[in-house]
Amino acid sequence: MSAVDKAAYLLEAIRRLNDEWMLRPGHHHLSPASAVVTGFHGGEWIVSVPARCRIEVHFEFLPEQADAAGWGSCVEREVEE
């Protein structure tokens, strides 16, 4: 299985996370939290099976999801889980 094939599992997990975040109570002025894939890079050569893949993701989260210092460590832990 190529790295791009394996990356499909991660993309599906990101989609499920976005679905879950959409169901959570939101902020009255802000859009729901979301994970936006901003880049996808895989493969080294057109005729080779990709050995690695890089997915770039921008995580937008609500103030309610921030840690005590206002940072996204809580969101980071949730994404890693």
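The values are calculated or read from the model by the stated rules, or taken from the named source; none is laboratory data. Nothing here was measured: the structure is a model prediction, and the numbers come from that model. Ideal geometry is used to build each Cβ from the backbone, glycine not excepted, and the neighbour counts take in all protein chains shown.
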Qualifying residues in region 36-49 (those that are aliphatic (A, V, I, L, M) and at pLDDT 95 or above) - the one farthest from Gly72 (Cα to Cα): Val37
Among the residues of region 8-31, write down those that are surrounded by 14 or more Cβ atoms within 10 Å (Cβ to Cβ) and at pLDDT below 90. Gly26
Just checking, which of Val47, Val36, Val4 is surrounded by 12 or more Cβ atoms within 10 Å (Cβ to Cβ) and among the β-branched types (Val, Ile, Thr)? Val4
Determine the pairs where a residue that is of a type in the set (S, T, N, Q), located within region 50-72, has a partner that is surrounded by 12 or more Cβ atoms within 10 Å (Cβ to Cβ) with Cβ atoms under 7 Å apart, the partner being 6 or more residues away or on another chain. Gln65/Ala33; Gln65/Cys74; Gln65/Val75
Can Trp45 be described as touching a Ser or Thr at 6+ places or on another chain (Cβ under 7 Å) and of a type in the set (A, V, I, L, M, F, W, C)? no
Restricted to region 5-36, and to residues that are under 15 Å from Arg54 (Cβ atoms) and of a type in the set (A, V, I, L, M), which residue is nearest to the chain's Cα centre (by Cα)? Ile14
What is the residue count in region 40-76 for residues that are touching a strand residue (DSSP E or B) at 6+ places or on another chain (Cβ under 9 Å) and within 20 Å of Arg16 (Cβ to Cβ)? 12
